[in-house]
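Visitor: Encoded as structure tokens, here's the structure I'll be asking about.
The values are calculated or read from the model by the stated rules, or taken from the named source; none is laboratory data. What you are looking at is a predicted structure, and each value in this text was computed from that prediction instead of being measured. As a convention, Cβ positions derive from the backbone with ideal geometry for all residues, glycine included, and neighbour counts pool all protein chains shown.
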Amino acid sequence: MVKNPQFHQRSKHIDIRYHWIRDEIIKKTIDLESCRDPDQAADILTKALPKPKHQRHVSDMGLTNVAINKFDD
């Protein structure tokens with residue numbers, strides 16, 4: 001939609017005030033980049049992944065594995 005602002009049935013629900021992103025891209029204030037599947041660290045929050053891919057994304061997000069013992073109080 002940013003590159004082709006014509007009307008689409010699937011986009012008619014998007015309010016005009018949310019089209020500011022298109023204007024910012026035209027003004028070169030921001031740059032829109034595609035992020036392919038191997039780089040989508042947020043995938044661990046939305047879908048089940050194979051263990052190696054999950055571990056890589058956890059590491060990419062800076063998360064650590066912390067053991068919690070509820071009997072240490």
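Visitor: Applying the selection to region 24-45, what residues are acidic (Asp, Glu) and either closer than 24 Å to residue 63 by Cα or touching a helix residue (DSSP H, G or I) at 6+ places or on another chain (Cβ under 6 Å) (or both)?
Guide: 37, 39, 43
Visitor: Residue under question is residue 31, and the condition is that it be under 22 Å from the mean Cα position of the chain (by Cα) and either at pLDDT 80 or above or surrounded by 10 or more Cβ atoms within 10 Å (Cβ to Cβ) (or both); does it hold?
Guide: Criteria met by residue 31.
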